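Trainee: Pasting a structure here, questions to come.
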Amino acid sequence: MFSFLEKYKKGVFYLIVVLAFFAIYFFLINYAFGASIDELKTEINARNPEVDKLKKEMDELDQIIKETQNNANTLKNELSKISNTILQLDKKVKITEAEIKSATLNIQRLQIEINNKENNITLNKDSIGEMIKIVNEQGTQTPVEIFMSKESFSDGWSLVDSFEEVQKEVINKIKDLESIKQSLIKNKDDLNSQKKDLEKLKKELTDQKNIANQNKNSKNTLLTQTKNQESNYKIL
């Protein structure tokens with residue numbers, strides 16, 4: 001019986017070592033991934049004031065364009081309207097470019113989180129496997145037998161408690177593993193959604209640049225035809 005108890009104690013000690021190893025490994029990996037994620041979040045947030053500023057300027061230009069439309073139909077007003085429209089489109093292009101960059105950074109962030117969680121799942125499986133192995137090895141006797149094998153009442157309860165703690169730790173690790181898996185599924189869904197948004201933004205950017213070029217061509221054509229003379233514009 002003594003050899004069993006010694007073996008049991010060694011098993012518990014080995015479990016503590018295993019848990020400590022995985023805890024340190026978890027910390028180091030999560031710290032490394034967390035630092036990269038924080039950097040990406042900081043870069044994403046840094047773009048928000050720039051986008052807000054551009055949107056405010058777009059709204060101001062939109063108001064100017066509306067006012068210009070109500071003015072007399074003159075060459076000056078027409079050129080002013082086209083110029084402001086071009087400026088507005090240029091700002092829209094910059095906004096879309098910033099949104100594309102943010103979407104790209106978000107995709108990178110999600111990919112890092114996915115890789116981190118996949119690593120955590122592997123590590124959790126390994127730690128669970130080690131704990132189950134220890135439980136199986138020490139589980140050849142019941143808690144009552146372990147308790148009765150000790151002369152000291154407190155020593156008996158101590159061993160029984162440690163055995164139960166091992167089993168609880170296995171259950172907690174399994175719950176953690178399931179939680180990480182569910183979070184991983186959500187990350188992958190978010191990643192697919194971000195990729196679709198990115199493709200949509202890229203298409204919008206191409207359309208915006210085409211419209212901006214059309215407006216610039218319209219302005220150049222108007223200047224060529226009128227030679228920047230109001231009288232020629234009236235005739236046209």
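Trainee: Under a point spin-label approximation (7 Å from Cα along Cα-to-Cβ), what is the residue 57-residue 227 distance to one decimal in nm?
Mentor: Inter-label distance under the simple model: 3.6 nm.
Trainee: Please list 67, 230 in order of solvent-accessible area, largest first, computed with a 1.4 Å probe with all protein chains present. Before the final figure, lay out each step's value.
Mentor: Values: 67 100, 230 70 Å².
If we order 67, 230 from most to least accessible, we get 67, 230.
Trainee: Between the range 52-99 and the range 221-236, what is the C-alpha centre distance in whole Å?
Mentor: 22
Trainee: Between residue 114 and residue 76, what is the FRET efficiency for a Förster distance of 41 Å, r being their Cβ-Cβ separation, to the nearest 0.05? If you can, show how the numbers build up before the last one.
Mentor: Working: r = 57 Å, r/R0 = 1.38.
Efficiency computed from Cβ-Cβ geometry: 0.15.
Trainee: Taking a point 7 angstrom from the Cα of residue 218 along the C-beta vector, which residues in the range 82-103 have backbone N less than 11 Å away?
Mentor: Taking a point 7 Å out along Cα→Cβ of residue 218, the residues of the range 82-103 whose backbone N falls under 11 Å are 82-86.
Trainee: Taking 0.36 nm per residue of sequence separation and subtracting the Cα-Cα distance, how much length would be gained by fully extending the chain between residue 101 and residue 171, in nm to one decimal?
Mentor: On the way: separation 70, 0.36 × 70 = 25.20 nm, distance 4.24 nm.
Roughly 21.0 nm would be gained on extension.
Trainee: Ignoring ligands and nucleic acids, what accessible area does residue 109 show with a 1.4 Å probe (Å², nearest 10)?
Mentor: Answer for residue 109: close to 40 Å² accessible.
Trainee: State which entries of 76/216; 94/196; 55/81; 81/196; 173/196 exceed 23 angstrom in Cα-Cα distance in the structure shown. Mind dumping the intermediate values first?
Mentor: Values: 76/216 16 Å; 94/196 20 Å; 55/81 18 Å; 81/196 35 Å; 173/196 35 Å.
Pairs exceeding 23 Å: 81/196; 173/196.
Trainee: What is the calculated FRET efficiency for residue 178 to residue 133, with r their C-beta to C-beta distance and R₀ = 22 Å, to the nearest 0.05? Show your work: numbers first, answer last.
Mentor: Working: r = 20 Å, r/R0 = 0.93.
After rounding to 0.05, the efficiency reads 0.60.
Trainee: Using the beta-carbon distance between residue 211 and residue 38 and R0 = 35 Å, what value does 1/(1 + (r/R0)^6) give for FRET efficiency, to the nearest 0.05? All intermediate terms of the calculation are to be shown ahead of the outcome.
Mentor: Working: r = 38 Å, r/R0 = 1.09.
The formula returns an efficiency of 0.40 here.
Trainee: Just to confirm the filter: which trypsin sites (Lys or Arg not before Pro) across the range 176-236 are DSSP coil and have at most 14 other Cβ within 10 angstrom of their Cβ? List each step's numbers first, then the result.
Mentor: Details: sites: 181, 186, 188, 195, 196, 200, 202, 203, 209, 216, 219, 227, 234; in loops: 227.
The qualifying sites are 227.
The values are calculated or read from the model by the stated rules, or taken from the named source; none is laboratory data. What you see is a predicted model; the values in this text were computed from it and never measured. In this analysis, Cβ positions are derived from the backbone assuming ideal geometry, glycine residues included, and neighbour counts consider all displayed protein chains. Ligands, DNA and RNA are excluded from the accessible area calculation, which covers all protein heavy atoms including side chains. Shrake-Rupley method; radii C 1.70, N 1.55, O 1.52, S 1.80 Å.
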